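What follows is one structure encoded as structure tokens, with my remarks underneath.
What follows draws every value from the coordinates through simple rules; no lab data is involved. These numbers come from a predicted model, not from an experiment. All Cβ positions, glycine included, derive from the backbone under ideal geometry; neighbour counts span all protein chains shown.
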Amino acid sequence: MQPNTTRPIVIQGAHVVTMDAGRAEYRRGHVVVEGNRIVAVGAGEPRGYADATLVDGTGCVLTPGLVNTHHHLYQWITRGLAVDHTLFEWLTTLYPVWGGIDADAVHVAAKGALAHLVRTGCTTSTDHHYVVPRDGGDVFGAEIAAAADVGVRFHPCRGSMDLGASAGGLPPDHVVEDLDTILVESQRAVERWHDPSFGSMLRIALAPCSPFSVSTELLKQSAVLARDLGVRLHTHLAETLDEQDFCMERFGCNPVQYMESLDWTGPDVWYAHAVHLDDRDIGVLAASGTGAAHCPTSNARLGAGIARAADLYAAGVPLGLGVDGAASNESCCMLEEAHHAALFARARSGPRAMTVRQSLELATVGGARVLGRENEIGSLEVGKLADLALWRIDTLAHAGITDPVAALVLGSQPPLELLLIDGREVVRRDEVRTVDETSVAAEVAAAHDALVAKAG
Ligand SMILES: Nc1nc2[nH]cnc2c(=O)[nH]1
């Protein structure tokens, strides 16, 4: 099967979970793709596609491609370090290691992270890249090149830190940039790479790192710049109680109140984590349309807490899922996030707190909404982009589970029969077709060793 051919692709015989507005599902349905668009969705077999490439989906469930709303790709080469630490301990252990990255290391890390992520059904991913060493070369360009290599729809966020330890921040001074450089480079990144058009494979956001690693001025000016340039805003927020204490001591208010005071709420803003929110905070997010990237696995790995995902969902907050950086979630598996989102919501508030379909909704349309792309991706509908995942659920791991969505969300990750991104085959039978996984794995191991050795 060739990428973006003019020959249609017909996938038929699968249980089709559309995630459209009516949440239609077809027990033995079809989806037809032409170029990079979906041109037909429905029950049974489609008519009029005798010349199409046929994919037999018998024994499979077909879903929209998964949307990952928070990641730190560069961390793929620093996995398995600081494994029993709180966020602040983990960060202060890892900042000196991350301070050694350069464009080559980021390219390898991003290629490895994204090649793995597509294997977990992800078709659109964000990245939050906030470590920009002075002599590290074009680290942001390096991850953009890696995303093009893998073929993923990409929303890299130009991250930044300007509040070093000497000014009361958490990161050591040598890993932060100065305010003027950040603003100039952020604007340059948007002008060079941001593509707002329908079907875009690349959109940039601005993303100062967190309240404890950036100045108030950087947050304010980034918001003004992002709105001038018409791009979205992203940051970590309300992840831990340590962060809450930091905000109370330094600003005299909680993290959400702080962001409100800086014009950092609205439908063009999404926060990563949003764990420690009170009812008022959730009301602010809902009323302003501010989104959240729920990262249950990372929050558990770092002992940060369990986010109020069911309450955010019920309040109507745009809510997606994020694997978060690989150094705080070594598996970085999108379906695992959906699994954990459902389990943690239930552990918190009972078995009806989040259904399996709501959890899959967060991983698909929810993420699309967080990124402002609900008209393009996140559901299987005519006219939308051909980003879709075909999962095999007739093997020993899932056979006999009658509800395909329960199999997907509550079971282990099924074999990924096919992943199309923009109509292009990126994964077939659990194998990435765009890059060589074996050689990328070797490059990742070498880059990890070199970086750790450099940090001494
Ligand atoms: N989980 C997580 N939280 C952060 N807060 C600031 N940086 C990070 C990061 O890399 N990961």
### Query
Taking Cα atoms, how many degrees apart are the long axis of helix 179-193 and the longest axis of the chain, rounded to 10 and kept between 0 and 90?
20
### Query
Length gain on complete extension for the stretch PHE88 to GLU185, per 0.36 nm per residue less the alpha carbon to alpha carbon distance?
32.2 nm
### Task
Excluding residues on the same chain fewer than 8 positions from LYS454, give the lysines whose Cα lies under 24 Å from its Cα.
LYS111
### Task
Could you tell me which of VAL190, THR297, TYR313 has its Cα farthest along the dipole of region 66-370 towards the positive end, charges placed at Cβ (Lys, Arg +1; Asp, Glu -1), taken about the Cα centre?
TYR313
## Note on the structure
Scoring only Lys, Arg, Asp and Glu (+1, +1, -1, -1) among other residues with Cβ under 13 Å from the Cβ of VAL323 yields -2
### Query
Excluding same-chain residues fewer than 8 positions from LYS220, which aspartates and glutamates have a Cα within less than 15 Å of its Cα?
ASP162, ASP178, ASP180, ASP228, GLU260, ASP263, ASP268
### Summary
Going fewest to most other Cβ atoms within 10 Å around each Cβ, THR120, THR364 line up as THR120, THR364
### Query
To the nearest 20 debye, what is the magnitude of the charge dipole of region 66-370 about its Cα centre, counting +1 on the Cβ of each Lys and Arg and -1 on the Cβ of each Asp and Glu?
1140
### Message
Could you tell me which residue out of PRO8, ALA167, TYR74 lies farthest along the dipole of the chain toward its positive end? Charges go on the beta carbon: Lys and Arg +1, Asp and Glu -1, centred on the Cα centre.
### Response
PRO8
### Simple spin-label estimate for SER200 and SER349 in nanometres, 7 Å along Cα-Cβ
3.3
### Query
Which length gain, in nm to one decimal place, applies between ASP242 and ALA445 when the Cα-Cα distance is subtracted from 0.36 nm times their residue separation?
69.8 nm
### Query
Could you put TRP264, TRP391 in order, starting from the residue whose Cβ has the fewest other Cβ atoms within 10 Å?
TRP264, TRP391
### Task
Please give the FRET efficiency for THR395 paired with ALA287, using the beta carbon to beta carbon distance and R0 = 41 Å, rounded to the nearest 0.05.
0.35
## Note on the structure
With the dipole of region 66-370 defined by +1 on each Lys or Arg Cβ and -1 on each Asp or Glu Cβ, the option from ALA113, GLN358, GLY199 whose Cα lies farthest towards the positive pole is GLN358
### Amide H partners (placed H, <5 Å) of LEU418, local residues excluded
LEU390, ARG429
### DSSP-defined antiparallel bridges as percent of all bridges, the chain, nearest 5
45
